[in-house]
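One structure is given below, encoded as structure tokens.
Read-outs throughout are calculated quantities, based only on the coordinates presented, and are distinct from any laboratory measurement. Given the structure is predicted, the values throughout are model-derived calculations rather than measurements. Note that we place each Cβ from the backbone using ideal geometry, even for glycine, and neighbour counts take in every protein chain shown.
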Amino acid sequence: MQGSVRYDNLKISDDPQVDVSLDITLISRRSVYRAGVRYLRRGIDSDSNVANFVETELLLNIFDHHLSFVQIRGSVPIFWSQKGFKYRPPLSIDRPIEESMPYFTTHMQSLLDRYGSPLVAVNLVDQAGRELKLATSFLEHAAKFSCPDLHFVSFDLHRNCRGLKFDKGRL
């Protein structure tokens, strides 16, 4: 496990009579399975681990109430790769859906077992151009998985937030 932790205590009020603060802790845990650098480590492996899987947990404590929000991210859970060191190397789908579906299923079921339902998968892959076949394959796998606890959302981050305008991004 690799990761980082950040903690801060924020005063909520400028009024010295009001002693209210918010404890914020942010913990990121990166799996050691399939860790690697961008473009060189992609997709899923034969143990159903995805490349660059990270779990981030936000912990809030205010008025003795404890709140937690967990978000996970990882590479698209199918067999795919990018070869070369170009700025945007071409990608390839390395196995047909019939061969990759058991690994996809194992991966998604392990997420449901660990985090519960519903599981919301937000596909941030470009929905056009060079990444279209990856986006399409991810959607096909999710549809074939056919699980009512999986909610699949496609959101073309590059198109919707072009020019680093992330405030424009709405699901």
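Hey, what angle do you get for helix 97-115 against the long axis of the chain, alpha-carbon based, 0 to 90 degrees rounded to 10?
For 97-115 against the chain, the angle is about 10 degrees.
Between beta-carbons, use under 12 Å as the cut-off and find the net charge around residue 72, counting Lys and Arg +1, Asp and Glu -1. Don't skip to the answer; put the middle values down first.
On the way: positive: 29, 30, 73, 114; negative: 55, 57.
Summing Lys and Arg as +1 and Asp and Glu as -1 gives +2.
So what's the angle, to the nearest 10 degrees on a 0 to 90 scale, between helix 132-145 and the longest Cα principal axis of the chain?
80
Here are several values of Cα Rg over 2.2 N^0.38 Å: (i) 1.09; (ii) 1.23; (iii) 1.03. Which one was derived from the coordinates shown?
Here Cα Rg over 2.2 N^0.38 Å agrees with entry (ii).
On full extension of the chain, what length is gained from residue 67 through residue 27, given 0.36 nm per residue of separation minus the C-alpha to C-alpha distance? Before the final figure, lay out the partial values.
Values: separation 40, 0.36 × 40 = 14.40 nm, distance 1.35 nm.
Fully extending the segment from residue 67 to residue 27 adds 13.1 nm.
Exactly which trypsin sites (Lys or Arg not before Pro) in the stretch 79-153 are in a DSSP loop and have at most 15 other Cβ atoms within 10 Å?
On the way: sites: 83, 86, 114, 130, 133, 144; in loops: 83, 86.
Those satisfying the criteria are 83, 86.
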